[in-house]
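Values in this text are rule-based calculations from the coordinates and carry no lab data. Small disclaimer: the values here were computed from a predicted structure and weren't measured. Positions of Cβ are backbone-derived with ideal geometry, glycine not excepted, and every protein chain shown enters the neighbour counts.
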C-alpha cells in the first residue's frame, strides 16, 4: 500500500519531512497546509505537492492518509486532534506538546478515532542508539549506576529573533530543554528507564528578549536506583555534539551524536572491536549543535517507515504518543524543581503550575 502524506506547517523542519518522505518506497508527499498561504504555496512548489489554504479541506482529501505536524511546539494539539477526527494517522514533531494536558488530548483523540499516533524522535533510530539499547537489554552494563545527557549547543540571538514564537512559553514551551535537548532526554529515559525524582537549576544567561531558559542542569534518580545528570544549553559557543553516557558495574558506553566513542565492558565480545571501529565515524553532520538546519533526515525516514509498518500490521510504533509524552513530563518536572528549589517526584499528578509561564501568558 502506498501512503499519501500531508504536512501541516511549512517552516524549516517541514523540509526534512519532505526529504524523508521522498526516501520512502511506500509513501508520497501529496499535500501541505500552512496558516500563511504564501508559505504553503512555496513549499508545494518546491516539493511537487498540492497546497491547501484551509486545513479542513486538506484533511478531507482522500489522498491524504498520514499527516505530519510541523507547527510551533505549543500549536501541535489543535491540528493533531483535528486530523485524528478526520481519520488521518498523525505524526507529531517533538515535543508532542508543551503541557501534559495538551499531550493527553492528542493521545485521547487518536485513540478514540482508532488512528496511529507517533512522536518524532529520530535519534532512537540511529544504529548507535539501537546498539546501546540492545546492550542494556542484554545486561552488559551489569547494574546501571549512572546515566548522563549533555547538550551543549549554541544559538545566536538572531535565531531567537527570527520568529516571534521562539523563546516563548506559549509556543516554544521552554528553552534549551524543551526545544533542543528533548531528543537526549528521550534517549536517556528510553535507555535508563523511568525517572523517579529530579532536582534542578535553570537560568537565562546569554540571550535577550526570550522568556525561557538557555542553561539548565538537573540531577536525576532513576527508578532502578541509578543516578544521572541532564545538562542543556544554547549558550555554549561554538556548540558541541550531544553526548549520552551510560555507566554500570560491568560496562560503560559513551555516544556523541551518532558516534560511539567508548564501548568498554568487563566481558568483551569478538564483535566489539569491529563495532567500535564502525561506529567511531557515524556522525555525518553537525547534529544541530550550532546550526539548527545542520541535521540529517535519515532518522526521520526510519521513523516514518516504522510508523507505516505499524499502520499496516496494526502494531504500535516505537515512539507512540505515550512515549512522546514521557520526555515532556521529565522536562516539566525539571522546570518545576528549578522553580521550587526542591526535589520533584515523578510521575507528575498533573501539569505543574509554573510561575514563569504564567507571568508571560
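Brief remarks follow.
- The long axis of helix 100-113 is offset from the longest Cα principal axis of the chain by roughly 60 degrees.
- Rg/Rh for segment 232-350, where both radii come from Cα atoms and Rh is the Kirkwood radius: 1.03
- Segment 126-145 residues near the modelled residue 278 label - backbone nitrogen below 12 Å, point 7 Å along Cα→Cβ: 127-128, 131
- Calculated mean residue ellipticity, 222 nm, the chain: -10500 deg cm²/dmol, from DSSP H runs (n ≥ 4) at -39500 (n - 2.57) each, averaged per residue and rounded to 500.
- Scattering curve values for segment 1-148, log₁₀ I(q)/I(0), Debye with Cα scatterers, q = 0.08 Å⁻¹: -0.26
- Mean separation of Cα contacts under 8 Å (6+ apart) over length of segment 1-66, as relative contact order %: 38 percent
- Counting beta carbons within 10 Å around each of 335, 150, 237 and listing the fewest first gives the order 237, 150, 335.
- 0 to 90° range, to nearest 10: angle between helix 37-47 axis and the chain longest Cα axis: 70 degrees
- Residue list for segment 48-77, given a label point 7 angstrom along the Cα-to-Cβ vector of residue 1 and an amide N cut-off under 16 Å: 62-67
- Exposure proxy ranking, count of Cβ atoms within 10 Å, fewest first, for 187, 227: 227, 187
- Degrees between helix 127-137 axis and first principal axis of the chain (Cα, 0 to 90, nearest 10): 50 degrees
- A Förster radius of 35 Å combined with the Cβ-Cβ distance from residue 111 to residue 12 puts the calculated FRET efficiency at roughly 0.70.
- Global form of segment 160-248, assessed from the alpha-carbon gyration tensor, a/c cut-off 1.5: prolate
- At an R0 of 35 angstrom, the distance between the Cβ atoms of residue 350 and residue 250 translates into a FRET efficiency of 0.35.
- Segment residue 217-residue 309, extension gain: residue separation times 0.36 nm, minus the distance between their alpha carbons: 29.4 nm
- The simple spin-label model puts a point 7 Å past each Cα toward its Cβ; for residue 237 and residue 205 those points are separated by 1.4 nm.
- In segment 89-188 the Cα-Cα distances spread across 10 Å bins starting at 0 as 12, 33, 33, 19, 3 percent of all pairs.
- Three-way shape label, segment 281-361, alpha-carbon gyration tensor, a/c 1.5: oblate
- Gyration tensor (alpha-carbon) shape descriptor, segment 3-79, a/c threshold 1.5: rounded
- Extension gain for residue 268 to residue 360 (0.36 nm times residue separation, less C-alpha to C-alpha distance): 27.8 nm.
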